[in-house]
């Protein structure tokens, strides 16, 4: 079994899996929406993470009518949210450790957890 980020799928395989033309995958790459790995012979290799990202792109474009510029904005916002959530989680962990040692009064140590996900409803 391959890891989620391991590039193992050729463009023809991914195109078949997603039922799209390989040229569409090349366009997504030109637009900066996905960045497949390359072999030493310059062949594109996609990871499962890349495929999942393309599935999201296809849902946004096909089902929601978002153009590629809008997809780019949505993906960048999602990445920012994910980074901020990771930072919040790290700060929450530091606070938890500090509270365990009694260095922060619990009344001043409240950190509310919130999470943002992009939810796409399929018809």
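Values computed for the structure shown
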read-out: Förster radius 41 Å - calculated FRET efficiency between residue 10 and residue 98 (Cβ-Cβ, nearest 0.05); value: 0.25
read-out: Mean separation of Cα contacts under 8 Å (6+ apart) over length of the stretch 1-66, as relative contact order %; value: 38
read-out: Per-bin percent of Cα-Cα distances, the stretch 1-66 [10 Å]; value: 21, 58, 19, 2
read-out: Label zone at residue 43 (point 7 Å along Cα-to-Cβ), backbone N below 19 Å, the stretch 1-20; value: 2-3, 6-18
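Where a number appears in this text, it was derived from the coordinates with a stated rule and is not lab data. No experiment lies behind these values; they were computed from the predicted model shown. FYI the Cβ positions are ideal-geometry reconstructions off the backbone, even for glycines, and counts take in every protein chain you see.
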